[in-house]
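Presented below is the structure to which this report refers.
The values are calculated or read from the model by the stated rules, or taken from the named source; none is laboratory data. Just so you know, these numbers come straight off a predicted model, no measurement behind them. Neighbour counts run over all protein chains shown; Cβ positions are idealised from the backbone, glycine included.
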């Protein structure tokens, strides 16, 4: 029983560490990009040039992938897809076993 509780604790700790890592990443993203945008706005005549937003967009994509991993969001290969694949392979194994009976 003690081993079971240790495993539960380890899984919960890992999950909390993942969430903490994501929230730190998000906070740094917001703070740094706020300073970048303020600096561009104050020191540029052409604020809306695309070159100014490369960091914002590229880092934002990285943040999106970090969030999708942390929160288990995957529209292409989500939980439904996993369940269908598991069922498919279980059915194939069952058919193979029935051939040899």
Check your understanding: What do you reckon, is residue 48 under 30 Å from residue 12 (Cα atoms), out of contact with any helix residue (DSSP H, G or I) (no Cβ under 6 Å at 6 or more places or on another chain) and at pLDDT below 80?
Key -> no
Checked pairs for the range 27-44, first without any contact (Cβ under 8 Å) to a residue 24 or more places away in the chain, second part of a helix (DSSP H, G or I) and surrounded by 11 or more Cβ atoms within 10 Å (Cβ to Cβ), C-beta under 6 Å and 6 or more apart or across chains, list as 40/52
Filtering the range 32-61 for residues that are surrounded by fewer than 14 Cβ atoms within 10 Å (Cβ to Cβ) and over 22 Å from residue 22 (Cα atoms) leaves a count of 13
